[in-house]
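Contents: one structure, followed by commentary.
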């Protein structure tokens, strides 16, 4: 007899017994009893988790909020660095370019439409091709 276990009568419907017989070996259980015990522990865990429904969503929300806050901070810092670099490049280019404001406004509108149309998938090569078409 196995230590720490108790034997008792268990009544099962025939179809439930057939399910146990059909699946206990596939679950790497050496006996029907082991399979039934695993099923009881699984279902009890499921019930406990379901009963803790008011607690789990709050914990999950707190964890997600913390992770998203960190992600947002990192993303914000990265966007700030990119904006600074963009401003530096724009000022360097503006200092050495002879473009009037009307042409700049037209180009801004054109670029905004192209970015929306391509969902931001534009690179330097696309801009170079576009500028070569204008010439």
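Between a residue in the range 51-69 that is surrounded by 10 or more Cβ atoms within 10 Å (Cβ to Cβ) and any residue that is modelled with pLDDT under 70, which pairs come within a Cβ distance under 8 Å, given they are 6 or more apart or on different chains?
From the range 51-69, no pairs qualify.
Listed here are the residues, each with its yes/no results for (1) assigned to a helix (DSSP H, G or I); (2) out of contact with any strand residue (DSSP E or B) (no Cβ under 8 Å at 6 or more places or on another chain); (3) at pLDDT 90 or above.
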residue: 6; (1), (2), (3): no, yes, no
residue: 26; (1), (2), (3): no, yes, yes
residue: 62; (1), (2), (3): yes, yes, no
residue: 65; (1), (2), (3): yes, yes, no
residue: 74; (1), (2), (3): yes, yes, yes
residue: 97; (1), (2), (3): no, yes, no
residue: 110; (1), (2), (3): yes, yes, no
residue: 115; (1), (2), (3): yes, yes, no
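For the structure I just gave you, tell me whether residue 81 is assigned to a helix (DSSP H, G or I) and modelled with pLDDT of 90 or more.
Taking the combined requirement at face value, the residue satisfies it.
The values are calculated or read from the model by the stated rules, or taken from the named source; none is laboratory data. A quick note: this is a predicted structure, and the numbers were derived from the prediction, not measured. As a convention, Cβ positions derive from the backbone with ideal geometry for all residues, glycine included, and neighbour counts pool all protein chains shown.
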